[in-house]
Amino acid sequence: MTAADETQMFDGIETLRDRVAADLARSRARSTALTDAVDDDDLVKQHSKLMSPLVWDFAHIANQEELWLVRDVGGREPVRHDIDEMYDAFQHPRADRPALPLLSPVETRSYVREVRDKVLDVLASTPLEGRRLVENAFAFGMIVQHEQQHNETMLATHQLRTGEPVLHADSPPAPPGPVVDEEILVPGGPFTLGTSVEPWALDNERPAHQVDVPAFVIDKYPVTNSAYLEFVAAGGYDQERWWSADGWAYRQKANLTSPRFWLRDGDRWLRNGFGLVEPLVPDEPVVHVCFYEAEAFAAWAGKRLPTEVEWEKAARHDPATGRSRRYPWGDEDPGPQHANLGQRHLRPARIGAYPAGESPLGVAQLIGDVWEWTSSDFHAYPGFVAFPYREYSEVFFGPDYKMLRGGSFGADASACRGTFRNWDYPIRRQIFSGLRLARDARPDESQ
Ligand SMILES: [Fe+2]
């Protein structure tokens, strides 16, 4: 993307302030909806050792907003400096958070409001230039993305919660026509990975750099429930040969037999989505599989997971121009016609539902629906510089985490773009994760 594109994206300071205000409001509406959906007992309760109480997430969102926008960008006095430590994610693992003397739901809501009022004042009065943290409103964009990421985490907490369903949303669009699953050849050659110009891209997405990617083949769509069910029915969970050594050890230890939230009912399978139990939808992407399950399914299917670089090339490469797009469909921000994002629907859309979101090569539903596991570890791009702090990405680099790409129905457009990199432990299953298959191109295909 050129500098001209960037200016076009944020056309003037007032437009930029309006955009930040709209994004902050959208994030807050979602945090509020996710916390208002349950009563106070539910808010302070830990629904799973894997997750924080919802009230911790909400106050932590406001605390980060206070640290970065009220104190740092705004240079204002602290609202509550006494609680910084309690809401520091690095100080307290999720399992320990319920035992902390957390703010009550009433105190949390009033803290959240007070911080936001100050932030809106800072937004109106701070020059959005002259310092890297505020150029293009980066710090505001970072905080918007932070809240949206916690909204997705809070949605995962809702998925783990037991009891009557409390979240409701419209169904995603149905495919407008017949759907033909196919493999798509991504030609070999250079590709520009990452970005140096996307204003709100995080440090780990930078800088843009050229990589040479050999030809490969990728599936047009993510793996569906019906395809995954074949693996389950074929005894894939009992056959060590499909699993890596670490994967098999975890499969044994955790006694995995199917994706999380699948339930067996005689000879049929059901799935529990936010408390609503229903038969599996065959052509919906499979969700709630860990990296090890994804890897084993791919081996059973005679294929493999794409690397992170392959995934991004399939999503962004325009063979006509050689340029990398912001999104598969182009440079336009995601709209409801492109992708299933933003908790608009509380499930992945059936394959074929978003023809307007396809990449130039015809790869579909890369953005939204389900996060897609890749085979790659979390590494810095050449020329990486930690910004604005090491704890954003750098401390996570290494072989412990696997990369996920593309966002899910629970992710927001602001925290999901063609270059966006997500990482998690290979055993994670409560996240909205699925997969897409790839393979090397045969010599006769890659000519
Ligand atoms: Fe956080």
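Descriptive notes on the structure:
- Pair ASP181, LYS253: separation of 7 Å Cα→Cβ label points (nm): 3.1 nm
- Kirkwood radius and radius of gyration were both taken over the C-alpha atoms of the chain, and their ratio Rg/Rh is 0.95.
- Of the chymotrypsin sites (Phe, Trp or Tyr not before Pro) found in the stretch 156-250, no site is in coil according to DSSP while having at most 13 other Cβ atoms within 10 Å of its Cβ.
- Note on the chain: with a GNM built from Cα contacts shorter than 10 Å, the maximum mean-square fluctuation among LYS303, LYS253, LYS402 falls on LYS253.
- Label-to-label distance for ASP72 and VAL385 is 1.5 nm, based on points extended 7 Å past Cα in the beta-carbon direction.
- DSSP beta bridges in the chain [antiparallel fraction, %, rounded to 5]: 90 percent
- If R0 is 51 Å, the Cβ-Cβ spacing of ILE13 and LEU50 corresponds to a FRET efficiency of close to 0.75.
- Using 0.36 nm per residue and subtracting the Cα-Cα separation, the extra length available between THR32 and GLU394 on full extension is 127.2 nm.
- With 0.36 nm allotted per residue and the present C-alpha distance subtracted, the ALA320-ARG264 stretch has 15.4 nm of extension available.
- Sequence ranges 67-79, 381-393, ranked by mean other-Cβ count within 10 angstrom, highest first: 67-79, 381-393
- Cross-link pairs LYS253/LYS402; LYS45/LYS118; LYS253/LYS313; LYS49/LYS402 - those with Cα-Cα distance over 25 Å: LYS45/LYS118; LYS253/LYS313
- Simple spin-label estimate for ASP82 and GLN239 in nanometres, 7 Å along Cα-Cβ: 6.2 nm
- Beta-bridge orientation, the stretch 298-443: approximately 75 percent antiparallel, per DSSP, counting only bridges with both partners inside.
- Fully extending the segment from ALA21 to GLN91 would add 22.2 nm, taking 0.36 nm per residue of separation and subtracting the current Cα-Cα distance.
- Within the stretch 97-175, GluC sites (Glu not before Pro) in DSSP loop having at most 14 other beta-carbon neighbours inside 10 Å: GLU129
- For the pair the stretch 411-438 and the stretch 274-337, the centres of their Cα atoms are 9 angstrom apart.
Since every read-out is calculated from the coordinates, none of them should be taken as a lab result. Treat the numbers as computed from the prediction; the structure is a model and nothing was measured. Cβ: placed from backbone, ideal geometry, glycine included. Neighbour counts: every protein chain shown.
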